[in-house]
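The values are calculated or read from the model by the stated rules, or taken from the named source; none is laboratory data. Quick caveat, the model's predicted, so the values are computed rather than measured. Here the Cβ is made from the backbone with ideal geometry for all residues, glycine too, and neighbour counts use every protein chain on show.
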Amino acid sequence: MTATTGNQDVVDILTADHQEVLGLVRQIPTADPAQRRDMADTVIAELMRHAVAEEMYVYPAMRDHLPDGESRVRHDVEEHQQLEEIMKELERLDAADPSFTETLGRLEQVLRDHISDEERDQFPELRARLSRDQLVELGQKVEAAKKVAPTRPHPAAPHSELFHKLVGPGVGMVDRLRDKLTGRPNRA
């Protein structure tokens, strides 16, 4: 998603990602079917990179620094799982099929709820509890993680920091290779 200069904090980066992907989601229903498919594939790739980066770096910080951080992270991971399942469903649908738009609507609903929780509650609390340097360092780690993260949903894969750090780059490489071979767009 949005490229940074290396001095943006993690909250700015993730909030920009949210706005970018929501803007793209809003455009999909009015596009022709071929454009819908490409736009949906781009949304899926961007959301996967974003979610994996959060699970690798942001969620551990939330666990360590936010009151009731463990339960908040559990809730967010459940929403990531829902999003992955819907994205997997969306991947399989023909963009001209009426159920494509309905599935996209479900994706948007879960995504908006997830974004609301993060932007309204969690991000301000991270800013209040971490130093500017810590937030910038987290942002740099998130940006690096997004470069190697998977671009396709893998709903059966674990949502854990360790899994993403050890196995995620290999899965991401295979996903990007598949994207290249099939001509699937994966960047906004």
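Of the helices (runs of 4 or more DSSP H) that lie entirely inside segment 119-188, those containing 2 or more residues that are at pLDDT 90 or above span 123-129, 132-148, 168-182.
Taken together, Val58, Val77 contain a single residue that is in contact (Cβ under 8 Å) with a residue 24 or more places away in the chain and surrounded by fewer than 24 Cβ atoms within 10 Å (Cβ to Cβ), which is Val77. Exactly one residue out of Arg129, Arg112, Arg176, Arg120 is in contact with a His (Cβ under 6 Å, 6 or more places away or on another chain) and not aliphatic (A, V, I, L, M), and it is Arg129.
When Arg36, Arg63, Arg74, Arg49 are checked against the criterion of being out of contact with any Pro (no Cβ under 6 Å at 6 or more places or on another chain) and either within 21 Å of Phe100 (Cβ to Cβ) or at pLDDT below 95 (or both), a single residue qualifies: Arg36.
Starting from segment 116-140, keep only residues that are within 12 Å of Asp76 (Cβ to Cβ), then list their pairs with residues that are loosely packed, with under 15 Cβ neighbours inside 10 Å whose Cβ atoms are within a distance under 9 Å, requiring at least 6 positions of separation or different chains. Going by the 9 Å Cβ cut-off, the qualifying pairs are Asp117/His75. The number of residues in segment 4-55 that are over 13 Å from the mean Cα position of the chain (by Cα) and either surrounded by fewer than 19 Cβ atoms within 10 Å (Cβ to Cβ) or not in a helix (DSSP H, G or I) (or both) comes to 19. Within segment 80-110, the set of residues being part of a helix (DSSP H, G or I), without any contact (Cβ under 8 Å) to a residue 60 or more places away in the chain and surrounded by fewer than 21 Cβ atoms within 10 Å (Cβ to Cβ) comprises Gln82, Glu89, Arg92, Pro98, Ser99, Glu102, Thr103, Gly105, Arg106, Gln109, Val110.
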